[in-house]
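Everything below concerns the one structure shown next.
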Protein chains: 2
Amino acid sequence: MSVTRKDRRLLFIGAGERADDWVPAFAAQAPDVPFIVYEDGMDVGAFRYAIIWRPNPPVVTQLSNLEVIFGMGAGVERLLGDPSIPDRIPIVRMVEPGLTGGMVEYVLWQTIYHHRRIWELEEAQREARWVNQYYPAPWERQIGILGLGQLGSAAARLLVEYGFKVKGWSRSRKSVDEVKSFAGAEELPQFLEGVEILVCLLPLTADTQGIINAGVFNQLPMGSILINAARGGHLNEADLLQALGSGRLAAATLDVFHVEPLPEGHPFWLHPRIFMTPHNASLTHPATAAIEIKRQIERHESGLPLEHVADRNRGY
Amino acid sequence: MSVTRKDRRLLFIGAGERADDWVPAFAAQAPDVPFIVYEDGMDVGAFRYAIIWRPNPPVVTQLSNLEVIFGMGAGVERLLGDPSIPDRIPIVRMVEPGLTGGMVEYVLWQTIYHHRRIWELEEAQREARWVNQYYPAPWERQIGILGLGQLGSAAARLLVEYGFKVKGWSRSRKSVDEVKSFAGAEELPQFLEGVEILVCLLPLTADTQGIINAGVFNQLPMGSILINAARGGHLNEADLLQALGSGRLAAATLDVFHVEPLPEGHPFWLHPRIFMTPHNASLTHPATAAIEIKRQIERHESGLPLEHVADRNRGY
């Protein structure tokens, strides 16, 4: 390694099984960012950069020269909530086209699934029963997106392009073409009015913990749909079961849960109107993430500010 | 009705239950095209225009002044195959944005479903089993579309925009951006090579009857997927079951069948890797269809040629 060049080694503290995808991606896309997979007992004192999936406190406390933490996903609440990470170290949220594209794909796929009430067809197929089923045009369907950040606004744009009616809600007012933006707690009721498919892509913060609850469900039309692809902590799970039982909600798609993996015996497992994916709605793509991380490291080395740095006060 | 204006009344010979959607759509979108729902015993001799779902020979033979037949869907093989319809009467295939959009929506939805092997997750959910599942990026997935007409090329464009690798096959060579076009029987083997998700949107003709068979499946990679949203007649159903049994195909989505409704006891009903919709992959939207039919009637009255007229020699 050149002595005039700063140490660009990146320490990977992640789900071990994915290292096999990350190593070749960095070798191909960012060969000047040596990618080092953390192993127990490794001397990590010299690393300036780390990419972390879940905090591992004993390792983090040994990173005495750390300058930047890259989160491996879009949500960084676990990193922000880890007291072993000093406040001075910036935590960069992962924003890369593979991750955004995957989430948009998930939201569109599940929106179409519920828009067409495909669960009715699945139930009919299990009973070997043919049904003459019609469904409205996309422009007759009102979608509401909680959260209009990187992921929410990308999903909103695609759903609009696709012909759906879309409105969005977020902490502060946002501008997305053809998407009516509602902001703050006081505008939540107006936002919820008439929403037939409610999609949650919020960050998990003190303000949004438990935000999807009976109070929200009761403001939706009867027979509405919930898609939660954000965090389990956004949802009051007991309220969801009750809303499905009363018919206020017709069905729900969940990618995230209070406890993951979802525990054995949890009532969601065999609920006929809950469709689940194992927290893989979207995956960070190593190839496109490598390009993004290299770009950010180059900014940092040039004295430019890092982008997508989590705000500790805001909580994301 | 003005005596100087030609008789624009349109006779609707369709699935009765949908008339309730069509009547108000014409009233709103094409009020100068009186929409008349056929009833038994009606005197139909004066009608110049008819829109027909399935041919009804006794009615058709009484339409002595008929100038144009509008098909109610994209496929017109039943109308072309009806000897009671004189060759001189042009048969217009339905091409309207609602129908095209619905088919594109269906193909995208089912492509994402299989791209992510969601059936693996559904199987796991039924066993209350959490799986750590990864899946490739869209640009690592090869889609092949049989048929690059109105519907096939629209689906291809969206899948490309979406990031998938797409190639297409049709009778004659087509030009769709970033979609490699293969043409004719001699190029079918090259087209099939490496196709992981095969989508059929062909017209049903003498040449395409039974085209999806063991010979085709054996040229696909192991574990491939079939999506048939065209006509049941394209598929050799016994060959499909065999290909699923051998693992050549991992799963299939079918919207259409040799016999519809699919008969009781048919092996497709309870096959764990066949996902079925009841021939409703896409629906003609009365509102947008009314605008299109009015446009075509105005062309016809002005002496301009009708568009999307089926070619009796080509068979679609």
Residues of region B:3-61 satisfying the condition of being among the charged types (D, E, K, R) and under 22 Å from B:GLY81 (Cα atoms):
B:ARG48, B:ARG54
For region A:25-43, give me the residue count where each residue is within 14 Å of another protein chain (Cβ to nearest Cβ) and farther than 18 Å from A:GLU96 by Cα.
0
Could you grab me the full set of residues in region B:290-304 that are of a type in the set (A, V, I, L, M), in contact with a strand residue (DSSP E or B) (Cβ under 7 Å, 6 or more places away or on another chain) and closer than 13 Å to B:PRO90 by Cβ?
B:ILE297
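Is it fair to say A:ALA243 is of a type in the set (A, V, I, L, M, F, W, C) and over 27 Å from B:TRP119 (Cβ atoms)?
Numbers: of a type in the set (A, V, I, L, M, F, W, C): yes; over 27 Å from B:TRP119 (Cβ atoms): yes.
Answer is yes for this residue.
Can you pull out the residues in region A:239-263 that are at the interface with another protein chain (Cβ under 10 Å from one of its Cβ atoms) and more than 22 Å from A:GLU105 (Cβ to Cβ)? Break it down into steps so the answer makes sense when it comes.
Here is the first cut: in region A:239-263, the ones at the interface with another protein chain (Cβ under 10 Å from one of its Cβ atoms) are A:257, A:260-263.
Those that are at the interface with another protein chain (Cβ under 10 Å from one of its Cβ atoms) and more than 22 Å from A:GLU105 (Cβ to Cβ): A:PRO261, A:LEU262, A:PRO263.
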Kindly list the number of the only condition in (1) surrounded by fewer than 19 Cβ atoms within 10 Å (Cβ to Cβ); (2) touching a helix residue (DSSP H, G or I) at 6+ places or on another chain (Cβ under 9 Å) that fails for B:MET72.
(1)
All conditions in (1) part of a loop (DSSP other than H, G, I, E, B); (2) open to solvent by less than 30 Å² (accessible area, probe 1.4 Å); (3) over 21 Å from B:ARG93 (Cβ atoms) are true of B:LEU202 except (3)
Does region A:92-115 contain at least one residue that is among the polar types (S, T, N, Q) and free of Cβ contacts under 8 Å to residues at least 12 places away in the same chain?
no
Quick check on my filter: what residues within region B:61-78 are under 19 Å from B:GLY315 (Cβ atoms) and either at pLDDT 95 or above or not charged (D, E, K, R) (or both)?
B:ILE69, B:PHE70, B:GLY71, B:MET72, B:GLY73, B:ALA74, B:GLY75, B:VAL76
For the subset of region A:77-97 comprising residues that are open to solvent by 40 Å² or more (accessible area, probe 1.4 Å) and farther than 21 Å from A:ASP207 by Cα, which member is nearest to the chain's Cα centre (by Cα)?
A:PRO97
Just give me the residues in region A:177-188 being crowded, with 17+ Cβ neighbours inside 10 Å and either among the acidic types (Asp, Glu) or within 21 Å of A:ILE112 (Cα to Cα) (or both), in sequence order.
A:VAL179
Being without any contact (Cβ under 8 Å) to a residue 60 or more places away in the chain and either touching a strand residue (DSSP E or B) at 6+ places or on another chain (Cβ under 6 Å) or not hydroxyl-bearing (Ser, Thr, Tyr) (or both) is the requirement here; does B:ARG248 meet it?
yes
Can you name the residue in region A:145-176 that is outside any loop (DSSP other than H, G, I, E, B) and within 14 Å of chain B (Cβ to nearest Cβ) and, of all such residues, is surrounded by the fewest Cβ atoms within 10 Å (Cβ to Cβ)?
A:GLU161
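Across region A:24-45, what is the total count of residues that are over 18 Å from A:ARG88 (Cβ atoms) and in a loop (DSSP other than H, G, I, E, B)?
Step one: filter region A:24-45 for residues over 18 Å from A:ARG88 (Cβ atoms), giving A:24-43.
If we keep only those that are in a loop (DSSP other than H, G, I, E, B) as well, we get A:30-34, A:38-43.
Total meeting the criteria: 11.
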Cβ contacts < 8 Å: first residue within 7 Å of chain B (Cβ to nearest Cβ) and touching a residue at least 40 places away in the same chain (Cβ under 8 Å), restricted to region A:264-285; second residue of a type in the set (Ser, Thr, Tyr) and open to solvent by 10 Å² or more (accessible area, probe 1.4 Å), any location; separation 6+ or different chain. Result?
A:LEU283/B:TYR134; A:LEU283/B:TYR135
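For region B:209-316, list the helices (runs of 4 or more DSSP H) that sit wholly inside it and hold at least 2 residues that are modelled with pLDDT under 95 and open to solvent by less than 60 Å² (accessible area, probe 1.4 Å); which are they? Spell out how you get there, then give the answer.
Values: elements: B:214-217, B:237-246, B:286-301.
Counting at least 2 such residues, we get B:286-301.
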Among helices (runs of 4 or more DSSP H) entirely inside region B:52-144, those with 1 or more residues being out of contact with any strand residue (DSSP E or B) (no Cβ under 8 Å at 6 or more places or on another chain) and within 14 Å of chain A (Cβ to nearest Cβ) are B:97-115, B:118-126
Inspect all residues belonging to region B:118-128 and state whether any of them is modelled with pLDDT of 95 or more, polar (S, T, N, Q) and open to solvent by 30 Å² or more (accessible area, probe 1.4 Å).
no
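The values are calculated or read from the model by the stated rules, or taken from the named source; none is laboratory data. Not measured: the values here are computed from a predicted model. Neighbour counts are summed over all protein chains in view; Cβ atoms, including those assigned to glycine, are modelled from backbone coordinates with ideal geometry. Side chains included, ligands, DNA and RNA excluded: accessible areas come from the protein's heavy atoms. Shrake-Rupley method; radii C 1.70, N 1.55, O 1.52, S 1.80 Å.
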